[in-house]
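Below you'll find the structure, written out as structure tokens, and then a few comments.
The values are calculated or read from the model by the stated rules, or taken from the named source; none is laboratory data. Computed from a prediction, not measured in an experiment: that's the story for all the values here. Every residue, glycine as well, gets a Cβ built from its backbone with ideal geometry; the counts of neighbours run over all protein chains shown. Side chains are part of the model used for accessible areas, which takes the heavy atoms of the whole protein and leaves out ligands, DNA and RNA. Shrake-Rupley method; radii C 1.70, N 1.55, O 1.52, S 1.80 Å.
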Amino acid sequence: MKNLQEIIDGARRIVFFGGAGVSTESGIPDFRGVDGLFRQQYDGLTAEMMLSESFFYLHPERFFDFYRAHMLHPEARPNAAHRKLFELERAGKLRGIVTQNIDGLHRDAGNRLVYELHGSVRENYCMDCNRAYSMDWMLHTGGVPRCEKCGGVVKPYVVLYGEPLDKYTCMGACREISGCDTLIVAGTSLEVEPAASFLDYFHGRELVVINREEIPAGERATLCLRGGVAEIMGALKV
């Protein structure tokens, strides 16, 4: 922790690259863990299948039943890691958060410099007229949600399997990573592409890895810390 504090104190442009491990201490499960959602089957189908673009169009009612039951966590609140990142942004040290999470907790904590690679469950839109709807609205609908204005299908603003990432979000994330002097990779195994390749854009001075398990990125890191992201980030002084 002393070494991490020294790195943070000396940094001028920090970017935080986070995954599911950032939000587990907010009560959101790590879907790829040993007993996670993505290691189970549902009527013979995997979560990847049910959260795919093709399943959304072919079986919309089953998609939305699964989505509401397993992907929405309205009770979740920002933890110490989210709050510390907001402090770092407010202090002018943090120049961007690149997240693979769709829970929206970074924005709930107050951060504005957030690149949500896979979208956010907090946002939904009508596929016909583009009218916006909240997560709370989605939770209180049944079956296939329909726009109150035009009757079109309301789709979550999340990247489904088979869909490309948003080009402009990726461009912004890569720009911030390439321009930072300190990159903190936390709570992610960096196994999912194309997000995992974003690390190739980093040419700064300090690469910090915070994770409960050892990951390949640790081989090139300045500092590796094993443990919970909220506990470690929360202990920092800004």
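Looking at Leu160, Leu199, Leu165, can you tell me which residue is open to solvent by 30 Å² or more (accessible area, probe 1.4 Å), aliphatic (A, V, I, L, M) and under 20 Å from Ala20 (Cα atoms)? One residue alone meets the criteria, Leu165.
The set of residues from the stretch 57-76 being open to solvent by less than 10 Å² (accessible area, probe 1.4 Å), touching a residue at least 60 places away in the same chain (Cβ under 8 Å) and more than 14 Å from Ser120 (Cα to Cα) comprises just one member, Phe64.
For Glu48, the criteria (1) at pLDDT 95 or above; (2) within 30 Å of Phe198 (Cα to Cα) hold in every case but one, which is (1). Within the stretch 114-130, the residues that satisfy the criterion of being under 25 Å from Thr99 (Cα atoms), open to solvent by 50 Å² or more (accessible area, probe 1.4 Å) and either out of contact with any strand residue (DSSP E or B) (no Cβ under 6 Å at 6 or more places or on another chain) or in contact (Cβ under 8 Å) with a residue 40 or more places away in the chain (or both) are Arg122, Asn130.
Thr141: in a loop (DSSP other than H, G, I, E, B) and open to solvent by less than 20 Å² (accessible area, probe 1.4 Å), yes or no? Talk me through it step by step, then tell me what you get.
Numbers: in a loop (DSSP other than H, G, I, E, B): yes; open to solvent by less than 20 Å² (accessible area, probe 1.4 Å): no.
For Thr141, the condition - in a loop (DSSP other than H, G, I, E, B) and open to solvent by less than 20 Å² (accessible area, probe 1.4 Å) - is not met.
Within the option set Arg107, Arg39, being modelled with pLDDT under 95 and either open to solvent by 20 Å² or more (accessible area, probe 1.4 Å) or in contact with a helix residue (DSSP H, G or I) (Cβ under 7 Å, 6 or more places away or on another chain) (or both) holds for one residue only, Arg39.
Under the condition of being assigned to a loop (DSSP other than H, G, I, E, B), open to solvent by 10 Å² or more (accessible area, probe 1.4 Å) and touching an Asp or Glu at 6+ places or on another chain (Cβ under 8 Å), which residue from the stretch 80-104 is nearest to Gly151 (Cα to Cα)?
Going through the qualifying residues, I end up with Ile102.
Cβ separations smaller than 9 Å between residues 6+ apart or across chains give the following pairs from the stretch 172-193 residues that are free of Cβ contacts under 8 Å to residues at least 24 places away in the same chain to residues that are hydroxyl-bearing (Ser, Thr, Tyr) and in a helix (DSSP H, G or I): Arg175/Tyr201.
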